[in-house]
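Enquirer: Sharing a structure with you now.
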Amino acid sequence: MTEPNPKKDLIRYLQDAREALVWKLEGLSEYDVRRPLTPTGTNLLGLVKHAAGVELGYFGDVFGRPFFRQDPPSWWYTQDTEPNADMWATADESREEIVALYHRAWEHADSTFAALALDTVGHVPWWPKERSGTTLHHLLVRVIADTHRHAGHADILRELIDGAVGWGKGASDLPPGDAAWWEAHRSRLEQAAREAGGR
């Protein structure tokens, strides 16, 4: 049995979520990666942009290791900006530059993980002052939860766009079934919901 390594375990779970989120963009048009598919505008590229900002903030600024040493972008969440600016891409922001920023955020965060112990205390300037002090361990757990949550959003958005499902390239935890099987399954669920709802 290998020696437990909590930091390594946390980083692995974060990396799984990072890769799943980016993979959901593959093979889609510029329109489809930006399409708002919920009443609140949730879209695939916006989720990646948000995740990049979260990592750069929590694993950079909080520990005195800022990624943007000067001139952060207009949407940077530590600045005064319009609400939700980090959750969508303007027509001028390319998919390539947002994905590249996310990859650079991974590298920046990974260098923080390598340099600091899990019990290192950082200060979150956008939290209330009385609870702004927190540990790298706490923030890793927080960001893992946030990134997996958004990867789940991306799963649903991608299925709505083109029916593609699965948690990773060539990996799925869904039972096997062709389109007819899934349609029958969905119809069965619809019937059960109607019966339970008295319709």
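The values are calculated or read from the model by the stated rules, or taken from the named source; none is laboratory data. Just so it is clear, the model here is predicted, and its values are computed rather than measured. Positions of Cβ are backbone-derived with ideal geometry, glycine not excepted, and every protein chain shown enters the neighbour counts. The area values use the complete protein model at the heavy-atom level, side chains included, leaving out ligands, DNA and RNA. Shrake-Rupley method; radii C 1.70, N 1.55, O 1.52, S 1.80 Å.
Enquirer: Would you calculate the separation in nanometres between label points at R69 and S187, each defined as 7 Å from the Cα along the Cα-to-beta-carbon direction?
Expert: 6.4 nm
Enquirer: To continue, here is another question. Modelling each spin label as a point 7 Å along the Cα-to-Cβ direction, I'd like the L37/H137 distance in nm, to one decimal.
Expert: 3.8 nm
Enquirer: Percent relative contact order of segment 100-169, based on C-alpha pairs within less than 8 angstrom and at least six residues apart?
Expert: 18 percent
Enquirer: Rank D71, D162 by accessible area, highest first, at a 1.4 Å probe radius?
Expert: D71, D162
Enquirer: Hey, what did the chain get for relative contact order, percent, Cα under 8 Å, at least 6 apart?
Expert: Taking the mean separation of contacting Cα pairs over the length of the chain, I get 26 percent.
Enquirer: Quickly work out the T90-to-R199 label distance, labels modelled 7 Å from Cα along the C-beta direction, and quote it in nm with one decimal.
Expert: Label at R199, label at T90, 4.2 nm between them.
Enquirer: Net charge near S111, counting Lys/Arg +1 and Asp/Glu -1 over other residues with Cβ under 12 Å of its Cβ?
Expert: -1
Enquirer: Then there is this: Rounded to a whole number, what % of the accessible area of the chain do carbon and sulfur atoms account for, probe 1.4 Å? Display every interim value, and only then the final one.
Expert: Numbers: 6520 of 11950 Å².
In the chain, the share of accessible area belonging to carbon and sulfur is 55 percent.
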